[in-house]
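The values are calculated or read from the model by the stated rules, or taken from the named source; none is laboratory data. This is a predicted model, so every value here is computed, not measured. So basically every Cβ, Gly included, is an ideal-geometry build from the backbone, and we count neighbours across all protein chains shown.
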Amino acid sequence: MLSAQFFLLEGQQIIVFKTSNKLPVKVSNVHLFLAGNFNNWNPADSAWELHSDSLGYSHLLKHMPKGIYRFKVTRGSWQTVECTADGKPVENRIIKVLNDTTITVDIKGWQDNFAQPEKMHTATAQVHIISETFDIPQLSRQRRIWIYLPAGYQTSGKKYPVIYMHDGQNLFDAYTSGYGEWGIDEFMDKLPDSKECIIVGIDHGGDHRITEYDPYDSKYGKGRGSDYIDFIVTTLKPYIDAQYRTKTDAKHTTIAGSSMGGLISMYAILKYPHVFGNAGIFSPAFWIAPEIYQFAKQQKLLSKSRFYFVCGDAESDSMVNDMNKMADIISSKSVSIKRSPVIIIKGASHNEKQWNGDFPDFYNWLINGL
């Protein structure tokens, strides 16, 4: 049975999903859906609905390309997602498709049958909200902007390096995070004065996240990544530099993010090497924007541009190869390994828990090189 485990499948690509007939269902007219990295984690995707038979089982046949897939079962929303028998969240189910196979899904419980623990704010005192409705004229939208200020900011009088990061909801506060927080503020609070910096977090745009973090058009819509980066460079950064004591040069300005945030961070340092001297490329979603490779080949970098590549080897079938391909392009531009390390974390998956663990090494590399 399949229950948050890793399955190694071999061969072709016809996959049959079916449930056991011991579903912990306390509602009538149940509709079950698979939500995963194959359908942008849509919890009510009709193309991935399981169909019931007369015996109470549900089936779904799919032709799937070979690769690693992650998914969960829902009843049509994330409030009705599967859980453990005692109401705890389950890890994503993971399959590696290499062959025709039948997967039996054993569901232990549904999240809405259990009282949910109250979400608590976890941001430390150094985290502040600049604005809940900061204007993004390039996108005709507004967004919440966070800022982490070092403990000594009010009394030191000195200027600080700045890191601009995406997915602000997930950086500092468990209350606003969808899948856990990076815990950046807790890490930063422990640093000595000599290693402090300012961190600016920009909330993602929800349904607009994929297109805002993609500079190219895709099946998900028109890419607005270039407009989004223009916002950071021409609107947000000038505001931050005017309102806070920052070191404004490229050497002391970094952009970083994970997944789609890794993709758009890569694009940002390529497009604006005179603005961003460093980039943290965490688990980059290069698969959605293969045009980024040609763009990287065409762009000129500054002699001191720095890149930090990191991902897990259990994230997807192509993650490591995709990231290494980009790192090789950067290396071909005479960027040394010291200025462009490539870190592969054995067994690591694609989630905030991984990036929480990756951030300290990235930060120490960044600060020690300034």
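For the range 329-346, the condition holds for no residue, the condition being that it is surrounded by fewer than 21 Cβ atoms within 10 Å (Cβ to Cβ), touching a residue at least 60 places away in the same chain (Cβ under 8 Å) and either under 16 Å from the mean Cα position of the chain (by Cα) or not in a helix (DSSP H, G or I) (or both). Inside the range 311-370, can you point out the residues that are farther than 21 Å from Gly183 by Cα, touching a strand residue (DSSP E or B) at 6+ places or on another chain (Cβ under 7 Å) and among the charged types (D, E, K, R)? Listed by number, the residues that qualify are Asp313, Asp317, Arg339. For the range 187-217, a tally of residues being over 18 Å from the mean Cα position of the chain (by Cα), surrounded by fewer than 15 Cβ atoms within 10 Å (Cβ to Cβ) and either more than 30 Å from Tyr293 (Cβ to Cβ) or not acidic (Asp, Glu) (or both) returns 5. If I ask for residues that are without any contact (Cβ under 8 Å) to a residue 60 or more places away in the chain and over 17 Å from Ala125 (Cβ atoms), which ones from the range 147-183 would you list? Once the filter is applied, which keeps residues that are without any contact (Cβ under 8 Å) to a residue 60 or more places away in the chain and over 17 Å from Ala125 (Cβ atoms), the range 147-183 yields Gly168, Gln169, Gly178.
The set of residues in the range 291-320 that are under 18 Å from the mean Cα position of the chain (by Cα), surrounded by fewer than 21 Cβ atoms within 10 Å (Cβ to Cβ) and either modelled with pLDDT of 95 or more or not polar (S, T, N, Q) (or both) comprises Asp313, Ala314, Asp317, Val320. Filtering the range 33-71 to residues that are of a type outside the set (A, V, I, L, M, F, W, C), over 23 Å from Asp100 (Cβ atoms) and in contact (Cβ under 8 Å) with a residue 24 or more places away in the chain leaves Asn40, Pro43, Gly56.
Show me the helices (runs of 4 or more DSSP H) found entirely inside the range 97-216 where at least 1 residues are in contact with a Ser or Thr (Cβ under 9 Å, 6 or more places away or on another chain). In the range 97-216, 184-189, 209-212 are the helices (runs of 4 or more DSSP H) which contain 1 or more residues that are in contact with a Ser or Thr (Cβ under 9 Å, 6 or more places away or on another chain).
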